[in-house]
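A.B. asks: Starting off with a structure, shown below.
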Amino acid sequence: MMNLTTLWQGAHDALSPGGPAAAAVDGLWKFLWITAAVVYILVLAAFIYSALRKRRDTADAITESGARLAVMIATGVTVLILFAFLIVDFGTGRKLSAAEPDALVIDVTGHQWWWEVTYPSADPSLQVTTANEIHIPVGRPVVVRLHTADVIHSFWVPSLAGKRDLIPGYPGRIRFQAASAGIYRGECAEFCGHEHAKMSFLVIAEPADSFAAWLAGEHGPAAAPATESARRGEAVFLEGRCVMCHTIRGTPAGSRVGPDLTHLAARQTLAAGTIPNRRGWLAGFIMNPQRIKPGVLMPPNQLSPADLHALLDYLGSLR
Ligand code: CUA
């Protein structure tokens, strides 16, 4: 059995925030946690005190008016604590939803069970579509507009922001910013069917110039196959079943059922963060995706070894 734990990549920790949005959520969490811990300790102390006191000296029981006063004080304090929670929670919500005029806008669409990622542009030739990997520039606010193609999913990058559901028919948005360069892992946080647990993605935060170079690389159509084997692989792709679901810009393949593969080789993972993007894993996934991701909508493929190697050469050249 494959050891998936060695494949986890990227920071994935809501308790070590990697940006201001995650820090706001972390602050709220700490406030709630510490308050609840203090209340718990006080209640426990009162309980122990009353138990011991009664046993020691029943004659000296609390008077009825004393008990009433204690209950009234406890009720008042509870109401005050709940109001404090409400106010701090409201303040955190405002921080998270503040407008950010110069933010980078990215569209993310949840599918069963992968993420379509689009960088919109007024010029359609500059629009970028990729999958399961969101590149962002460090230190610049990002607004991710959230859509779903099917059921409810939830977008969650624990190190960078809170969760936001993707509801059919109701586009949502979430705003965050990475304080330092790094790879942050994200998950689908709403049960969405068979492969909900294998619906991950990476947020790759990089310096502005690396980000610009990446984006420029993603604009263009796919590289034309440069070797004999890659040319055969392209034919296998276009004449077989792959073309029915996937897009490779610059070729006749234009279906949007599955992820856009135009620059597949530049991505770090396959199958929404399930396996690393390496030749052997890709071969296994093409031949029998159900073995690696049971329930995935991609059907198995029967290819001759020569066709498979040609296809791998071609897909491996799509940088
Ligand atoms: Cu998508 Cu869970």
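Coordinate-derived values only; no laboratory data. In this text, all values refer to a predicted model and were calculated from it rather than measured experimentally. Ideal geometry is used to build each Cβ from the backbone, glycine not excepted, and the neighbour counts take in all protein chains shown.
A.B. asks: Express in whole angstrom the spacing between the alpha-carbon centres of segment 69-105 and segment 219-247.
C.D. replies: Comparing the Cα centres of segment 69-105 and segment 219-247, I get a distance of 54 Å.
A.B. asks: On to the next question. Using unit Cβ charges (K, R positive; D, E negative) and no other charged atoms, how large, in debye to the nearest 20, is the dipole of segment 228-319 about its Cα centre? Display every interim value, and only then the final one.
C.D. replies: Working: 11 positive and 6 negative charges, 58 e Å.
Using Cβ point charges on Lys, Arg, Asp and Glu, segment 228-319 gives about 280 debye.
A.B. asks: Sticking with this one: Which of the helices in the chain, when you take each full DSSP H run, stretch at least 18 Å along the axis at their Cα atoms and have an average Kyte-Doolittle score of 1.0 or higher?
C.D. replies: Details: long enough: 20-56 (54 Å, 1.04); 64-97 (50 Å, 1.22).
Those that clear 18 Å and a mean of 1.0 are 20-56, 64-97.
A.B. asks: Here is a further query. Shape call for segment 80-216 from the C-alpha gyration tensor, a ≥ b ≥ c root eigenvalues: rounded (a/c under 1.5), prolate (a/b greater than b/c) or oblate? Could the numbers behind the result be given before it?
C.D. replies: On the way: a/c = 1.74, a/b = 1.23, b/c = 1.42.
Verdict is oblate for segment 80-216.
A.B. asks: Using a basic spin-label model with each label point 7 Å from the Cα along Cα→Cβ, how many nm lie between LEU238 and PHE47?
C.D. replies: In this crude label model, LEU238 to PHE47 measures out at 7.2 nm.
A.B. asks: What are the residues whose amide H is under 5 Å from the amide H of ILE275, where those residues sit 5 or more places off or on another chain and H is modelled from the backbone?
C.D. replies: Placed amide hydrogens put LEU270 under 5 Å from ILE275.
A.B. asks: Report the number of Lys pairs in the chain whose alpha-carbons are under 28 Å apart, with separation of 8 or more residues or on distinct chains.
C.D. replies: Details: LYS30/LYS95; LYS30/LYS163; LYS95/LYS163; LYS163/LYS198; LYS163/LYS293; LYS198/LYS293.
Close lysine pairs under the 28 Å cut-off: 6.
A.B. asks: How much of the DSSP beta bridge set in the chain is antiparallel, as a percent to the nearest 5?
C.D. replies: 70 percent
A.B. asks: Using modelled backbone amide H atoms (1.01 Å from N, in-plane), which distant-in-sequence or interchain residues come within less than 5 Å of THR262's amide H?
C.D. replies: Long-range HN contacts for THR262: ARG249.
A.B. asks: Return the percentage of antiparallel bridges among DSSP beta bridges fully within segment 107-263, rounded to the nearest 5 %. Please report the intermediate quantities before stating the final value.
C.D. replies: Values: 28 of 37 bridges.
Percent antiparallel among DSSP bridges in segment 107-263 is about 75.
A.B. asks: Counting Lys and Arg as +1 and Asp and Glu as -1, each charge on the Cβ, what is the dipole of segment 175-263 about the Cα centre in debye, to the nearest 20?
C.D. replies: Working: 8 positive and 10 negative charges, 31 e Å.
The calculation lands at about 160 debye.
A.B. asks: Could you give the nm distance between label points at ALA149 and MET72, where each point is 7 Å from its Cα heading toward the beta carbon?
C.D. replies: Simple spin-label model gives 6.4 nm for this pair.
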